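Inspection log for the structure reproduced underneath, given as structure tokens.
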Amino acid sequence: MIKLLLKSERILLQDIFRRIFLEDDVLAYFTVDNFRSINEPVELDLRANNYLKKHKNHVKLCGSADHKTNVLRTALLYGANASGKSNIIKAITYAVGLVRNDDSKSFADLYEPFKTRINEPSNFYFEFFSGDFFYRFGFTVKRGNIIKEELHYSFKQKSIELYKREYDEDKKSYSIHSSLAPVHDFTAIRKEQTTLDKKSDAIELNEELKGYEEYIQKTVEFSALLRFTPNNELFMSKLIEILKDNKEFILNDIAEPACNFFSYQLLTILPEQRMSVFDWSDDNDSLEKRLKSFDSSIDRVVYSNISTERFPETLINNVRRSLASKEKISLDYKKNLYSFSLDENGEVQAKIVNTVHVIDGKEISFSLADESDGTIRLLDLLPILYFAKNSEVTFVIDELDRSLHPLLAKRYMSSFLDNKSENCKSQLVITTHEAELLDNELVRRDEIFFTQKETDSATKLYSLDDYSERYDKDIHKAYLSGKYGAIPNLLSC
């Protein structure tokens with residue numbers, strides 16, 4: 001079966017690799033309600049407990065000089081099966097997909113209100129930092145329509161409302177608000193300018209008025225776009241389109257960091273998604289070292305030329321269209337990974353990703369289809385360790401430990417968290433069942449969260465930090481004994 005990567009399945013690691021991140025982009029807070037098993041609001045608060053002094057390298061100081069906030073680099077979500085921890089990840093995935101205007105079926109299928117609130121709105125809200133700026137973005141969805149959307153940013157404790165749109169049921173239209181100057185009467189402006197043109201001593205004032213008129217024209221464009229954005233789309237997605245098309249717009253400079261955060265720097269990975277679209281040829285030397293550190297029998301990853309005749313014509317045609325705007329693309333086909341690019345004659349050329357093992361002194365080539373699920377999972381996750389040292393990305397992963405041995409999962413988290421570089425700003429938010437990670441020597445207690453299914457089957461999220469445990473508490477043993485909840489309720493037969 002042919003599987004071209006859909007927008008919602010595409011992990012944009014190659015795009016990240018080609019970007020140069022100059023700002024500190026960090027997720028600080030997320031809340032959602034009325035989504036799948038989430039009834040009342042749940043809050044994933046990544047702001048650090050400043051009283052905890054252990055593992056100081058797990059915390060990043062963000063914001064402007066007089067508005068600093070300590071934010072955690074890691075969050076681990078535990079809970080029994082069907083307690084709703086995956087739905088928190090799916091809520092972030094859905095919100096990010098809506099911001100990116102992802103129209104794939106797999107994205108649309110994520111949305112489902114709580115069973116007793118199917119006719120009520122769902123709310124999604126993010127707080128994040130980009131350099132010295134602090135952003136607050138939220139929206140409300142009801143039956144596929146955007147009921148409310150707003151974006152604020154703060155700098156040096158000054159909060160500014162960039163825009164707010166809210167649907168008026170009575171008027172059947174949106175009301176809009178913004179801190180930008182209100183739209184003025186063009187007739188009056190032009191009349192004043194005509195008068196000034198007749199005065200030889202008013203050249204400087206005339207130029208100033210022209211600049212003001214240009215600004216007003218931009219606010220008119222902004223107001224029109226905000227007011228007439230379709231009711232099933234976010235205005236934020238329009239801003240992203242404008243930036244990608246390199247069009248001049250009044251909000252470009254201020255909104256660009258927020259757009260980039262959702263487009264490139266907040267990446268969610270569900271269990272069925274692949275991350276192997278990363279081009280390993282960009283990172284071959286350090287990949288070899290990491291493979292050995294995880295006791296992998298793989299010696300290296302290689303790209304081998306193959307004929308495009310093995311692929312259906314429809315697939316190659318789709319690839320050719322995609323390469324019109326990209327240098328190269330990757331896709332999964334029959335459990336293998338392929339890289340496509342154009343040669344000097346504009347023809348599609350293909351390479352297959354193979355692994356090389358050294359057996360009895362001989363190099364043996366394997367396809368990814370020959371590798372175990374655990375090995376493929378490891379290859380999918382290793383790029384994160386590369387980006388943790390080279391960029392600011394928030395990775396949100398459902399079931400990090402899937403197909404991984406407990407010791408490998410622990411080694412992976414240790415490799416991510418042991419990066420003491422001051423330039424390392426990447427975050428890792430995961431769901432897991434792996435109790436071996438509950439170790440005070442590995443993580444802080446404010447990095448650990450639990451999900452519990454309530455009597456109405458709704459999800460509750462809370463932090464281990466709520467228990468104020470001693471720093472030397474055996475949290476692994478306490479968790480498995482049921483002290484914190486979030487474990488299966490096993491009854492005797």
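The values are calculated or read from the model by the stated rules, or taken from the named source; none is laboratory data. The model shown is predicted, which means the values in this text are computed figures rather than measured ones. Ideal geometry is used to build each Cβ from the backbone, glycine not excepted, and the neighbour counts take in all protein chains shown.
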In region 435-471, the residues that are among the aromatic types (Phe, Trp, Tyr) and farther than 22 Å from Arg47 by Cβ: none
Selection within region 424-468 - part of a helix (DSSP H, G or I) and among the charged types (D, E, K, R): Glu436, Arg445, Asp446, Glu447, Asp465, Asp466
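Do we find that Ala75 is modelled with pLDDT of 95 or more, in contact with a strand residue (DSSP E or B) (Cβ under 8 Å, 6 or more places away or on another chain) and in a strand (DSSP E or B) in this structure? Break it down into steps so the answer makes sense when it comes.
Details: modelled with pLDDT of 95 or more: yes; in contact with a strand residue (DSSP E or B) (Cβ under 8 Å, 6 or more places away or on another chain): yes; in a strand (DSSP E or B): yes.
Answer is yes for this residue.
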Unique residue being of a type in the set (Asp, Glu) and within 25 Å of the chain's Cα centre (by Cα) when the list is Glu434, Glu441, Glu469, Glu454: Glu434
Among (1) of a type in the set (S, T, N, Q); (2) without any contact (Cβ under 8 Å) to a residue 40 or more places away in the chain; (3) buried (at least 18 other Cβ atoms within 10 Å of the Cβ) - the single one Ser37 does not satisfy: (2)
Any pair with Cβ under 7 angstrom, 6 or more apart, that starts in region 66-88 at a residue that is free of Cβ contacts under 8 Å to residues at least 60 places away in the same chain and surrounded by fewer than 22 Cβ atoms within 10 Å (Cβ to Cβ) and ends at one that is not small (Gly, Ala, Ser) and not in a strand (DSSP E or B): Asn70/Asn50
Any hit, region 93-101, residues being assigned to a strand (DSSP E or B) and out of contact with any Pro (no Cβ under 8 Å at 6 or more places or on another chain): no
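Yes or no, residue by residue, for (1) part of a helix (DSSP H, G or I); (2) within 22 Å of Val99 (Cα to Cα); (3) more than 38 Å from the chain's Cα centre (by Cα); (4) modelled with pLDDT under 80:
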position: Leu162; (1), (2), (3), (4): no, yes, no, no
position: Tyr174; (1), (2), (3), (4): no, yes, no, no
position: Thr194; (1), (2), (3), (4): yes, no, yes, yes
position: Ile216; (1), (2), (3), (4): yes, no, no, yes
position: Ala224; (1), (2), (3), (4): yes, yes, no, no
position: Ser237; (1), (2), (3), (4): yes, yes, no, no
